[in-house]
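I have placed the structure first, in the form of structure tokens, so that the comments after it can refer back to it.
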Amino acid sequence: GIQVEQSPPDLILQEGANSTLRCNFSDSVNNLQWFHQNPWGQLINLFYIPSGTKQNGRLSATTVATERYSLLYISSSQTTDSGVYFCAVRGGSNYKLTFGKGTLLTVNP
Amino acid sequence: EAQVTQNPRYLITVTGKKLTVTCSQNMNHEYMSWYRQDPGLGLRQIYYSMNVEVTDKGDVPEGYKVSRKEKRNFPLILESPSPNQTSLYFCASQTLDSYNEQFFGPGTRLTVL
């Protein structure tokens, strides 16, 4: 099956800093999504981005499908951005999402 | 509002007492799925359904049952829960259009004593 690797595993920032999270995947994909898991455990859907670039406020994402990676950019980080960020992909005819292990982001005031 | 709902959100139970976690979606999605999330193991698929009366095993189906009698509902049944089923459970749904995002419910945190 598809392998998904996320880096870095942990990231500590001061409020206001920018960051880039990376997701590498091992095969072509039909679907790539970025999620934020908040402290209550909910998975918040940030982006559906199998290719190209999208922006939503302080967050943006880019997927280069031909090179099998995606980047999530967080600008001017806030303490509420803390949590785990997951990349999840789906390939072929299987609708199962394969998740990476996540990046634990801590934003300090 | 388009959404996937799960109930209950939190549950503490004892070994062997049958329980059902409900999942419902209001987006007319054909595909529904259950995942469990465990520390160090990430999210793993338990069961999925491509449409009404069509279900199949995911990666970790042991100890679970599902049914899909209506398009909007996909309950997860634990006939005889055990402590190793303590986990955070997510229901998800999407259309069968390949290029479409998957929507997740808010999660159910289950503790089996």
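For region A:50-109, a residue qualifies if it is on the phi > 0 side of the Ramachandran plot and in contact with a strand residue (DSSP E or B) (Cβ under 6 Å, 6 or more places away or on another chain), and the qualifying residues are A:Arg68, A:Gly83, A:Gly102. Does A:Phe47 qualify as being over 19 Å from B:Thr95 (Cβ atoms), of a type outside the set (Ser, Thr, Tyr) and within 13 Å of another protein chain (Cβ to nearest Cβ)? Here the answer is no, as A:Phe47 does not meet what is asked.
Scanning region B:2-40 for residues that are in contact (Cβ under 8 Å) with a residue 24 or more places away in the chain, of a type outside the set (A, V, I, L, M), over 16 Å from B:Glu70 (Cα atoms) and in a loop (DSSP other than H, G, I, E, B) turns up B:Gln3, B:Pro8, B:Arg9, B:Thr15, B:Gly16, B:Lys17, B:Lys18. Residues in region B:67-113 that are in contact with a Pro (Cβ under 7 Å, 6 or more places away or on another chain), away from chain A (no Cβ under 11 Å) and among the β-branched types (Val, Ile, Thr): B:Val112 only.
When region A:81-107 is limited to residues that are in contact with a Leu (Cβ under 6 Å, 6 or more places away or on another chain) and of a type in the set (A, V, I, L, M), the one that is nearest to A:Ser28 (Cα to Cα) turns out to be A:Val89.
So which residues in region A:25-49 are of a type in the set (S, T, N, Q), out of contact with any Lys or Arg (no Cβ under 6 Å at 6 or more places or on another chain) and farther than 12 Å from A:Thr103 by Cβ, if there are any at all?
A:Ser26, A:Ser28, A:Gln33, A:Asn38, A:Gln42, A:Asn45, listed by residue number.
Restricting B:Tyr48, B:Tyr64 to those that are at pLDDT 95 or above, away from every other protein chain (no Cβ under 11 Å), within 22 Å of A:Phe99 (Cβ to Cβ) and under 10 Å from the mean Cα position of the chain (by Cα) reduces the list to B:Tyr64.
If you check A:Ala65, A:Ala61, A:Ala17 for being within 14 Å of chain B (Cβ to nearest Cβ) and surrounded by fewer than 19 Cβ atoms within 10 Å (Cβ to Cβ), only one passes: A:Ala65. For region B:78-113, filtered to residues that are surrounded by fewer than 16 Cβ atoms within 10 Å (Cβ to Cβ) and aliphatic (A, V, I, L, M), the residue that is farthest from A:Asn45 (Cα to Cα) is B:Leu113. With a requirement of 1 or more residues that are of a type in the set (D, E, K, R), free of Cβ contacts under 8 Å to residues at least 12 places away in the same chain and farther than 30 Å from B:Leu110 by Cβ, the strands (runs of 3 or more DSSP E) lying completely within region A:16-109 that satisfy it span A:52-56. In region A:84-104 there is no residue matching the filter, namely being exposed (fewer than 13 other Cβ atoms within 10 Å of the Cβ), more than 9 Å from every other protein chain (Cβ to nearest Cβ) and touching a Ser or Thr at 6+ places or on another chain (Cβ under 9 Å). Screening the candidates A:Gln37, A:Gln33, A:Gln42, A:Gln6 for the property of being in contact with a Cys (Cβ under 7 Å, 6 or more places away or on another chain) and either modelled with pLDDT under 95 or within 25 Å of B:Tyr89 (Cβ to Cβ) (or both) yields one hit, A:Gln6.
The values are calculated or read from the model by the stated rules, or taken from the named source; none is laboratory data. For clarity, every value in this text was computed on a predicted model and none was experimentally measured. Glycine also receives a Cβ, built like all others from the backbone with ideal geometry; neighbour counts cover every protein chain displayed.
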